[in-house]
Amino acid sequence: MNMLIDSHCHLDASEFDDDRQAVIKRARDAGVTAQVIPAVDAAGWPKLRDLCRTNTGLFPAYGLHPIFLAEHRPEHLQELRRWLQDEGAVAVGECGLDYFVEGLDQHSQQSYFDQQLLLARDFDLPVIVHARRAVDAVISSFRRVGGLRGVVHSFSGSEEQAQQLWKLGFLIGLGGPVTYERAQRLRRLASQMPLEYLLLETDAPDQPDAHIRGQRNEPARLAHVCDEIAKLRDVDPAGVAEATRLNAQRLFALPG
C-alpha cells in the first residue's frame, strides 16, 4: 500500500460531523498518513484547531477563502496574524481569488488576498491558494508581493500558467477532476508535468473522483487520484505516491 499525503482536505466541514472518526480511519487504512486542512473563515478556526490537536496526522492552515467574502471582516486579518503566531499553522490558507462565483467583489477579494500573502511572507509560511478563473491574477499577485511559496490547489489552468507558477516557487494540486475523461487539458498536464511540482489532494467533501460522481468525497479516495495520474504517466503508482508525499513534507514542513 502506498503512503500518501492529502494536501487539501476540509475534514472540519459539517458534512463529516456524523462520521468524522470513521472517515479518518478509512483514510489511514487507505494509506493516507497525513492531511493538510485549510480553513475558509475565521469562525471555523477554533473547530479546525481542536480537530488537529486531537487527531495525529492532521495539520491546520488558517485563512480567509474568497467564496466566503461576506463572512470576512477587516479585523479578521489581525486575528489571523495572532493565530499564525500562536497556533502552529503549516500554511496560510485557504485564500485566493474567485472570478467564477457571481457577486464576489473583485477589489475586496484582492485586498484580503494581498494581505494574507503578506502575512505568509512575514511568517515564512507557504500559502494554499484558490484560483478559479483567476490564475493570471493570482500569478500577478505572487509577483507583486514576492518572496512567496505554496500551492495553487485544484489547478485548472494551462500548461503555460503552470510553468509560470513553478518558476515562482509554487506547486500545483490535482485531485478528483483529473479522473474525468473530459478533462483533457488537465489530464495532459498530469501526464507530462515534472513530479517535483505536484501535490495530490481530494478537496473533500467536494470534487469527488469519477468513480463516486455526485457523492461526498473523502480523503480515503486519494489513492484513486494517485492511480489515475500514474496511469496517465504510464508509471507505477508507488513512484507518484512517494514523490508527492515528499513534496508535501517539504512544502509544509511535515514530519517524515
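Please work out if Gly88 is out of contact with any Leu (no Cβ under 6 Å at 6 or more places or on another chain), open to solvent by less than 70 Å² (accessible area, probe 1.4 Å), within 30 Å of Arg28 (Cβ to Cβ) and part of a loop (DSSP other than H, G, I, E, B).
yes
Considering (1) more than 19 Å from Ile172 (Cα to Cα); (2) not in a helix (DSSP H, G or I), say which one Ile128 fails and leave the rest.
Every condition holds for Ile128 apart from (1).
Can you tell me which residues in region 4-61 are open to solvent by less than 10 Å² (accessible area, probe 1.4 Å) and among the hydroxyl-bearing types (Ser, Thr, Tyr)?
Selection gives Ser7 alone.
In region 189-217, what count of residues is obtained for those that are β-branched (Val, Ile, Thr) and open to solvent by 80 Å² or more (accessible area, probe 1.4 Å)?
Qualifying residue count, region 189-217: 0.
Given the criteria over 24 Å from Met1 (Cβ atoms), out of contact with any Pro (no Cβ under 7 Å at 6 or more places or on another chain) and open to solvent by less than 20 Å² (accessible area, probe 1.4 Å), does Ile229 qualify?
No: the conditions fail for Ile229.
The values are calculated or read from the model by the stated rules, or taken from the named source; none is laboratory data. Remember, predicted model here, so these are calculated numbers, not experimental data. Glycine gets a Cβ as well: all are built from the backbone with ideal geometry, and neighbour counts include every protein chain shown. In case anyone asks, the SASA skips ligands and DNA or RNA and just uses the protein heavy atoms, side chains included. Shrake-Rupley method; radii C 1.70, N 1.55, O 1.52, S 1.80 Å.
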